[in-house]
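Written out below as structure tokens is the structure these notes cover.
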Amino acid sequence: MLRKNLDLIVVGFIVLALVMYDVTLELLGELMHLMFEGLHVAFEYIELGIEEAVELVFHVLDVGEIIEYLFESDRHGSQVVTFYILMSIIGFGFYKLWKTLPRLHAFLKQRLLNIWVRRKTELQLYWLSLTTRNKVALAITVVLVAYIASFFVM
């Protein structure tokens with residue numbers, strides 16, 4: 001049942017987020033801060049690992065004199081190599097994202113169209129199955145709920 005009505009749950013959360021926009025913006029800001037903090041820690045961890053591996057390779061291959069000649073110190077040389085390794089990894093990630101996004105967009109577009117048609121058909125069948133008295137009662141209920149909800153929005 002949850003999987004069948006997942007689209008309605010998502011729409012409900014979107015409406016709730018729009019009604020309580022101040023809380024939504026605060027939570028979104030905190031979530032972005034947490035995400036960037038986590039990405040920063042992960043980046044530093046990966047950078048330190050790559051830098052240590054580069055320094056180990058420099059030490060094992062005994063290319064320290066070449067790097068010292070090109071740069072001021074061993075540390076600076078390994079940092080430059082680490083920077084270019086990280087930029088290559090990030091560039092490859094963006095390339096894969098660029099190749100994946102069109103397919104993902106087409107899939108989501110088709111999925112949303114299917115959901116829209118299914119819900120519209122269900123609603124039309126439900127409306128056609130109601131008697132006139134039930135249609136009027138449903139319309140009055142919708143208007144009253146919207147009227148009462150307007151007091152909570154302000």
Open item on the list: Quick check on residue 111: is it under 22 Å from residue 10 (Cβ atoms), of a type in the set (Lys, Arg) and surrounded by 10 or more Cβ atoms within 10 Å (Cβ to Cβ)?
Closed with: yes
Task: Hits in the stretch 114-127 - residues which are of a type in the set (A, V, I, L, M, F, W, C) and within 12 Å of residue 7 (Cβ to Cβ) - done: 115, 116, 117
Open item on the list: Please verify whether residue 19 is among the β-branched types (Val, Ile, Thr), open to solvent by less than 90 Å² (accessible area, probe 1.4 Å) and touching a residue at least 12 places away in the same chain (Cβ under 8 Å), treating the condition exactly as stated.
Closed with: yes
Task: Scope the stretch 1-43; condition among the charged types (D, E, K, R), at pLDDT 90 or above and more than 30 Å from residue 88 (Cβ to Cβ); matching residues - done: 26, 30
- [ ] Would you mind stating whether residue 149 is of a type in the set (Gly, Ala, Ser), assigned to a helix (DSSP H, G or I) and within 27 Å of residue 20 (Cβ to Cβ)?
- [x] yes
Open item on the list: Exactly one of these conditions fails for residue 7: (1) touching a residue at least 60 places away in the same chain (Cβ under 8 Å); (2) exposed (fewer than 11 other Cβ atoms within 10 Å of the Cβ). Give me its number.
Closed with: (2)
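The values are calculated or read from the model by the stated rules, or taken from the named source; none is laboratory data. Bear in mind that the values here come from a model prediction, so they are computed numbers and not experimental data. In this analysis, Cβ positions are derived from the backbone assuming ideal geometry, glycine residues included, and neighbour counts consider all displayed protein chains. With ligands, DNA and RNA removed, areas are computed over all heavy atoms of the protein, side chains included. Shrake-Rupley method; radii C 1.70, N 1.55, O 1.52, S 1.80 Å.
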